[in-house]
Each structure stands twice: as C-alpha cells, then as structure tokens.
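Encoded as structure tokens, the structure appears first; notes follow it.
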Amino acid sequence: MSPAEFESLTATVLVAILLLAAVLGFVMRETRFCTVGAISDVVYLQDWGRARQWCMAIAVSMLGFTALALYGQLQVGDALYASRRLLWLSALAGGLLFGAGMVLASGCGARNLTRLGSGSLKALVVLLVMGVAAFATLKGITAVARVRWLDSVHLEFAGPALLPEWLAGHVAWPLALLRGLLGLGLGGLLLLLAFDLRPGAERSRALLLGGLLVGLCVTAAWWLGGHLALVAEHPETLEQVYAATYSGRIEAFSFVTPVAHTLDWLMFFSDRNKVLTWGIASVAGVVLGSFVHALWRRDFQWQGFADRRDLARHLLGGLLMGIGGVTAMGCTVGQGISAISMLSLGSFVALAGIVLGAVLMLRHLAETA
C-alpha cells in the first residue's frame, strides 16, 4: 500500500467511526441508555428494565463479535483486549473506582458525552477532569502507582487471556468450536434474560430496541476496526497495522482513554505528531449524535451545577472515573460491552468491580441523604 492509499484509508476509517459513533450517541440519548440508570433502577426501585437493555447490548455485541471471528472478518489476537496478561487486580480496583465515580458524576463517560451534546456544562466539567485524571494515570503521577502496585499483580497466559483460548488449553476441543459454543451460548442466554420470557413480565420495546442498536453499533465498530482498517503492510514499517487506531491494534468503543487523547490532541494541535485517531473520532461522534438528537427533539438547553456540593461531587466523580477507567482498561462501554463481547477474562473482573462500586456508592448516598 502506498502512503497516499494509507492516508486515504485512514481518512475513510475516521469518517466511518465518527458517523457510527454519532449513531451511537443518538441512540443512547433517544433510548435513555445509561449504566448508572440501570443499576440505580435496580437498587432503588427493583426495576430491571434498563438492566435488561444493557444485557441486550452485551448479547448482540457478543453474538456479533463471535460471528465476525468465526467468518474470518477479524483476527481475534490482534484486538486491544487480547493481552496475554490478566491484570485482575487492576481490573477489580479500577472497576470499583470507576463504578463509584460514575454514580457521583451522574453517568459514565459515554453518558456524559451524550449529556454534553445536549448542553450540560456539568458534563463538560466531568469530562475535563476525567480526561486529565486519565492522562495522569496513563503517563503521569498516578501511572506510577498503577504500574507498581496494581499492574505488577497479574496472571500470565500462553495465549490471549480470553475464555475460549483459556479453555482450549484445558480441553481437546478446536478453538473455533469453543468460541462458537461460548459466544453463541452466552450471547443467547443474555438475549433470553434481556427479553425476560417469564409470564406476565413487562417488556419495553423502546428499551430493548436501544440495547439492540447499541450492540449493533459495537459490532459494526469491531468490523470497521478489524476488517476495513486492516493494513497488511504499513507503507513505512512494512508491518501489519490497523489504520487510525492509537494502539495499532483492533479497537472498538471505549470512552475514558479516548477523552484523554482528545484533550491531548486539542492542547497540542500544532504538533504534527498529534494526529486524529479512532478514539478521538468516536468521542466527537457521540457528542455530535447527541447534539443532533437534542435539536431534533427540541430539548437542547444549557445546564449548570446546583451548588458547590453538586460541583464537588461531580469533580470527585470525574477524578475517580479517569483513574479507574484507565486502571481497569475500559469503562462500562469499553469493558462492559466491547471487551466482554470477545469474552475477555479481564472484562468479567472489571465489570464485576464496576457494578459493585456503583452499588456501594448508591447505597452510601441513600444512607447519607
């Protein structure tokens, strides 16, 4: 591939992920897709409607990723989450911090991006703090603690730390068969849980449709990243890479580290080494999609903090999400949908930490109200 063809492909991928993320932002706002809302509905109201919506999104993305892998549309080992190290302590600790932070910040990173698109200045402050904290945890002061105390505690695998690959090392079954059975089986089970087929169970078509569309967006992102963006030989290094991605590997949706990269790109825009990447385009796309939806619904309005206590709560929430999201290698979308769709062992740990952190914080706020 010539340099001009590589640049053209990169531009195409960036536009595609921008538009796909815009669809995601539009859908998330229209269907009230929110992880904090789902967990708080269960904790406070025993309402499982939005939790089933989340299950639907995971199920569809899991089924979609499995189908893409089985049909050779992407190379599983090249995905960002296909590491040979299981950073279980980082995933758990980061998940706990992120879960608690997203409750204080009135939503996770993706939710705050959709709120920003509809005029929330509170979300803007949260995202700025989250981005700075995330960057510090990537390369700054909190990165030292993360690497020294958390990342150093891990399990090493012979292959990618994914459930099918792990089981393949213990049973004499073909890897493709295990991936199909696990991906389709777990995805199908979550699909049944999302529909809640018990007699008399109430089901919201809007919520289930929202989960379906979010799952399809994540699946489309996997295809874009793993198929369309694949470059067999980089024009300069002659190595296989994936165009437009920061890591050079297959990426899907995640919204903590990309917010940090967005701030970095904006602050050092004149530096030629700072280029637009997949994550930056996805951040901009979600905000754009939410903004379009707010204009369509005619409910765009500027929103600020109620008082200093409200400000302090959101500042702390943004800080915890930035540190926790990087430490756990993802957020409710990154680990909670994208990574778990490929059956990453770390995603199960991180997701458990996120849910536990959110539940503990919700109960704490209820007790101190």
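Numerical summary
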quantity: Axial C-alpha extent at least 20 Å, average Kyte-Doolittle at least 0.5 - helices from the chain (DSSP); calculated: 3-30, 49-70, 88-104, 121-139, 175-195, 205-223, 278-297, 345-368
quantity: Share of carbon and sulfur in the accessible heavy-atom surface of the stretch 154-309 [1.4 Å probe, %]; calculated: 63 percent
quantity: Whole-angstrom gap from the stretch 240-269 to the stretch 165-179, using each part's C-alpha centre; calculated: 32 Å
quantity: Whole-Å semi-axes of the stretch 56-150's equivalent ellipsoid (Cα gyration tensor); calculated: 28, 22, 12
quantity: Probe 1.4 Å - accessible area at residue 344, Å² to nearest ten; calculated: 10 Å²
quantity: Listed residues 142, 277, 219, most fluctuating in the chain (Gaussian network, C-alpha, under 10 Å); calculated: 142
quantity: Cα centroid of the stretch 1-75 to Cα centroid of the stretch 281-311, whole Å; calculated: 19 Å
quantity: Pairwise FRET efficiency - residue 177 versus residue 369, Cβ, R0 = 41 Å, nearest 0.05; calculated: 0.20
quantity: Computed over the stretch 172-258: relative contact order in percent, which uses C-alpha pairs under 8 Å that are six or more apart; calculated: 18 percent
quantity: Label-to-label distance, nm, for residues given as residue 306 and residue 195 (7 Å Cα→Cβ offset); calculated: 4.1 nm
quantity: Nearest-10 value in Å² for the accessible area of residue 218, using the 1.4 Å probe; calculated: 0 Å²
quantity: Shape category assigned to the stretch 251-353 from the gyration tensor of Cα positions, a/c cut at 1.5; calculated: rounded
quantity: Most mobile listed residue (43, 13, 132) in the chain, GNM with C-alpha springs under 10 Å; calculated: 43
quantity: R0 of 25 Å, Cβ-Cβ distance residue 246-residue 356: FRET efficiency to nearest 0.05; calculated: 0.30
quantity: Calculated [θ] (222 nm, deg cm²/dmol) that DSSP helices of n ≥ 4 give over the chain, each run adding -39,500 (n - 2.57); calculated: -20500 deg cm²/dmol
quantity: Relative contact order, percent, the chain [alpha-carbon distance under 8 Å, six or more residues apart]; calculated: 40 percent
quantity: Cα-centred dipole magnitude for the chain, charges only on beta-carbon of K, R (+1) and D, E (-1), debye, nearest 20; calculated: 920 debye
quantity: Along the chain, longest interval not containing exposed chymotrypsin sites (Phe, Trp or Tyr not before Pro), exposed being DSSP loop plus at most 10 other Cβ atoms within 10 Å; calculated: 72-268
quantity: Heavy-atom accessible surface of the stretch 1-122: percent carbon and sulfur, 1.4 Å; calculated: 64 percent
quantity: Surface per residue (accessible, 1.4 Å probe) for the stretch 55-113, Å²; calculated: 29 Å²
quantity: Kirkwood Rh in Å, taken over all unlike Cα pairs in the chain; calculated: 20.7 Å
quantity: Ranked order, 308, 52, 297 - accessible area, probe 1.4 Å, largest first; calculated: 308, 297, 52
quantity: Accessible area (Å², 1.4 Å probe, nearest 10) - residue 239; calculated: 120 Å²
quantity: Sequence-separation-based contact order of the stretch 180-321, relative, with Cα cut under 8 Å and 6+ spacing, percent; calculated: 13 percent
quantity: Accessible area, probe 1.4 Å, largest first, for residues 323, 17; calculated: 323, 17
quantity: Accessible area (Å², per residue) of the stretch 189-306, counting only protein heavy atoms and a probe of 1.4 Å; calculated: 56 Å²
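The values are calculated or read from the model by the stated rules, or taken from the named source; none is laboratory data. Predicted model only: the values in this text are computed from it and were never measured. Positions of Cβ are generated from backbone atoms using ideal geometry, with glycine treated the same way; all protein chains shown enter the neighbour counts. Heavy atoms of the whole protein, side chains included, go into the accessibility calculation; ligands, DNA and RNA do not. Shrake-Rupley method; radii C 1.70, N 1.55, O 1.52, S 1.80 Å.
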